[in-house]
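Taking it in order: structure first as structure tokens, then the write-up.
The values are calculated or read from the model by the stated rules, or taken from the named source; none is laboratory data. Bear in mind that the values here come from a model prediction, so they are computed numbers and not experimental data. As a convention, Cβ positions derive from the backbone with ideal geometry for all residues, glycine included, and neighbour counts pool all protein chains shown.
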Amino acid sequence: MQFVKIETMLKKIICSVLLFSVALQCLLFAKDAAPINPADAGDAVNLLDKPLLSDGSVPEHLRWFADAKYGMFIHFGLFSVAGGVYKGNRNHAEWYLKTTGIPVSEYEKFADQFDPERFDADAWAQVAEDAGMKYVCITSMHHDGFAMWPSKVSDRDNWSLSRTPFGKGGRDLLMELKKACEKRGIKFCLYHTIMDWHSPYYGNRLTNNDVAVARGIQPDMDKFQAYLEASVTEEIERYHPAMLWFDGYWDDCWTQERGEHLLAAIHKADPAVIVNDRLNGGKSNRVWGHPPGSIGDFKTPEQLIPAEAFPKGIVWESCMTMSGNGKWGFTQTDWEQKSVKPKQALLYFMFDIAAKGGNYLLNVGPTPEGEIPYYCVDRLREMGQWLRINGEAIYGSQKGIFTRQPAWGRTTTKRLPGGGTRVYAIVFNRPADGLLWLTPLNNEPIKAELLDGGGKLTVAKSKNGVCVRLPESLNDAKDFVVVVDVAGEATCEPDLAALQGAPPVADPDGVITLMPHQAEMVRGIELQGNNETNEWLGNWWRYNSTATWKFKSEKAQTCRLEINYGVPRESVGDVLEFVIGKQTVDYSVSNPSAGWNQMKTDSVGNLEIPAGEISLVARIKKHHGWGPPCNLGPLRIVPVK
Ligand code: FHN
């Protein structure tokens, strides 16, 4: 009885605090509360394709994949032989044949050297298992066109594993890996290129394809298509992969019709095999890997995470490098720098992807000797440790309750057998007041507890959503999971997560700090970071992405705009622009920091700030290459005295 009373009192207190705080925030931000309109997604619109089934459910043959959530991508092949080194440059990777520009005849010599003496399929599969990964996808053929299996349908001159010392020793690398994976319950999947730098028949042939030229062979896409289909069919029949991951669709010579023909050939060989969305021609949106009119089973954003979940029933997977330098194949530079993204970043990506209903395909590039770099193994094990305790929040989960992700963490959901819903709140940035707001949730809470067995928590509901009180014992905890069971199917109100931060206000010196989480982010940009004091806006890939801050200025004044940013050398020359009304100041990246997340501060220039409501927009003005111009930390508007 006593407990019930205390609980009721607590609920009342929490509800009043919630009500007051939300009311206040609603007043302050009334205009920003509108949910994001998908039609506003600009060039992202082809991402919002229809689900494969009209009722929005996941087709049965994709079930294992949609539930798996976490897989290992492996880039290994002839390109690994040289460790990415050519004439003093130590940073070539799987694009070695193209980026070095060496003649194909010279590259072919790697086939006589490919003999990774430390390759141990069981060791690789064990790393994947220890990491908690549920599928492995390896490059059976990358853009060098080399078949990593003893192929009988090679494009010419036995361009396959059987030509190598490894293959001549009777070994079949893919088969060894398949067996090692399947023994551990891990699904075995294959990557296959369309773009082919070796085949003499390929339409957009490389200028360094000297062998094709010397033999007087003309490109012929019909012959190439016949070869490609025979090659894919052969590997399906030999390895029965659970999934095929195509790539290299963007050259002019490859068309939608060719992609559809290839898909028909694949389904003839195996009607159940899952296929990604990179089969059909189409140059646009290369970064997203979704040519308009995509065919296939699932979507594949690359090196980034969509800012919002896809509509229900669309299955997707973000593939990302482990290499901090963004390399897929092994490079000597990565090795020397022990370049691997920090555990916190890797976990964050996993949480963010799961919260948006996707899979995380995390890449490793094994060494020329055939080992997964030890520093990658260490990270993967750390992730595996987290998953061993908290995996229930990831595997088999569906997207979370927020459309705009809160600063404190991410959520995923599962339906409970009795009809209720379980919400997993993964907290990487504990709110200072200890209140975990599941604001969009409209359901009656049943219970809340820590997933690691750490005990029950107090949960209450106001008309503004469900709230959990975190105990002080969790003040310093990181990446813990709170499980909240609610009655019925989760019904989420328009998202109030964006309202959780306090609005930007001037400090006693009149300096206004605009935090990344206070921005309204449109078209792909999103909030990233490690904790409250270390956050930034990432994923700036597109010209029409914008981040907008709204704040109030007491008086008209001249202010200096300072930015905090992280940017590697390759983005030098990119330009960001900051706009207030008709005024614009540009920031040209000329002074790189040590990396994306190594933040530096710089002054952009002066702006005339009028009195009243201000809207400051940041967007990309000039951009080259794959990486965003920069990661953008807090902005400061500093009055010029
Ligand atoms: O060109 C490839 C690249 O080497 C790598 O294989 C990645 C993995 O998704 N895909 C291509 C670029 O989109």
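Miscellaneous remarks
- Residues of the stretch 235-249 satisfying the condition of being small (Gly, Ala, Ser) and modelled with pLDDT under 95: GLY248
- Residue in the stretch 486-501 that is modelled with pLDDT of 95 or more, touching a strand residue (DSSP E or B) at 6+ places or on another chain (Cβ under 7 Å) and among the charged types (D, E, K, R) present: no
- The set of residues in the stretch 548-573 being assigned to a strand (DSSP E or B) and either of a type in the set (A, V, I, L, M, F, W, C) or without any contact (Cβ under 8 Å) to a residue 12 or more places away in the chain (or both) consists of TRP549, PHE551, CYS559, LEU561, ILE563.
- Selection status of LYS327, within 16 Å of the ligand (Cβ to nearest atom) and out of contact with any His (no Cβ under 6 Å at 6 or more places or on another chain): yes
- For the stretch 222-234, the set of residues classified as free of Cβ contacts under 8 Å to residues at least 60 places away in the same chain and either within 16 Å of the ligand (Cβ to nearest atom) or among the hydroxyl-bearing types (Ser, Thr, Tyr) (or both) consists of THR233 only.
- Strands (runs of 3 or more DSSP E) (entirely within the stretch 387-474) containing at least 2 residues that are within 23 Å of TYR348 (Cα to Cα): 409-415, 421-427, 435-438, 445-450, 465-469
Quick grid of which residues meet (1) within 16 Å of the ligand (Cβ to nearest atom); (2) in contact with a helix residue (DSSP H, G or I) (Cβ under 7 Å, 6 or more places away or on another chain); (3) on the phi > 0 side of the Ramachandran plot:
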| site | (1), (2), (3) |
| --- | --- |
| PRO366 | yes, yes, no |
| ASP378 | no, no, no |
| TRP386 | no, yes, no |
| LEU438 | no, no, no |
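- Where PHE578 falls short, out of the listed (1) assigned to a loop (DSSP other than H, G, I, E, B); (2) surrounded by 15 or more Cβ atoms within 10 Å (Cβ to Cβ); (3) touching a strand residue (DSSP E or B) at 6+ places or on another chain (Cβ under 8 Å): (1)
- Any pair with Cβ under 8 angstrom, 6 or more apart, that starts in the stretch 235-256 at a residue that is assigned to a loop (DSSP other than H, G, I, E, B) and ends at one that is away from the ligand (no atom under 16 Å from the Cβ) and small (Gly, Ala, Ser): ASP251/GLY203; ASP252/GLY203; CYS253/GLY203; TRP254/GLY203
- The residues of the stretch 305-320 that are of a type outside the set (D, E, K, R) and part of a loop (DSSP other than H, G, I, E, B), listed by number, are ILE305, PRO306, ALA307, ALA309, PHE310, PRO311, GLY313, ILE314, VAL315.
- Residue match in the stretch 390-413 (condition: among the hydrophobic types (A, V, I, L, M, F, W, C), surrounded by fewer than 20 Cβ atoms within 10 Å (Cβ to Cβ) and under 20 Å from the mean Cα position of the chain (by Cα)): no
- Pairs, first without any contact (Cβ under 8 Å) to a residue 12 or more places away in the chain in the stretch 139-150, second within 11 Å of the ligand (Cβ to nearest atom) and assigned to a strand (DSSP E or B), C-beta under 7 Å, six or more apart: none
- Residue within the stretch 613-620 that is out of contact with any His (no Cβ under 8 Å at 6 or more places or on another chain) and assigned to a loop (DSSP other than H, G, I, E, B) present: no
- Exactly one residue out of ASN363, ASN325 is farther than 30 Å from VAL483 by Cβ, of a type outside the set (Val, Ile, Thr), under 19 Å from the mean Cα position of the chain (by Cα) and part of a strand (DSSP E or B), and it is ASN363.
This table checks each residue for (1) crowded, with 20+ Cβ neighbours inside 10 Å; (2) more than 24 Å from the chain's Cα centre (by Cα).
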position: THR601; (1), (2): no, yes
position: LEU607; (1), (2): yes, yes
position: SER615; (1), (2): no, yes
position: HIS624; (1), (2): no, no
position: CYS630; (1), (2): yes, no
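- Of all residues in the stretch 148-176, those that are at pLDDT 95 or above and over 13 Å from ARG238 (Cα atoms) total 13.
- Of the residues in the stretch 112-135, at least one is at pLDDT 95 or above, within 16 Å of the ligand (Cβ to nearest atom) and either within 28 Å of the chain's Cα centre (by Cα) or polar (S, T, N, Q) (or both).
- Restricting attention to the stretch 250-299, the residues that are modelled with pLDDT under 90, within 15 Å of MET141 (Cβ to Cβ) and within 12 Å of the ligand (Cβ to nearest atom) add up to 1.
- Single residue of the stretch 71-103 satisfying the filter (assigned to a helix (DSSP H, G or I) and more than 13 Å from the ligand (Cβ to nearest atom)) that is surrounded by the most Cβ atoms within 10 Å (Cβ to Cβ): LEU78
- Flag if TRP335 is within 16 Å of the ligand (Cβ to nearest atom) and out of contact with any Leu (no Cβ under 6 Å at 6 or more places or on another chain): no
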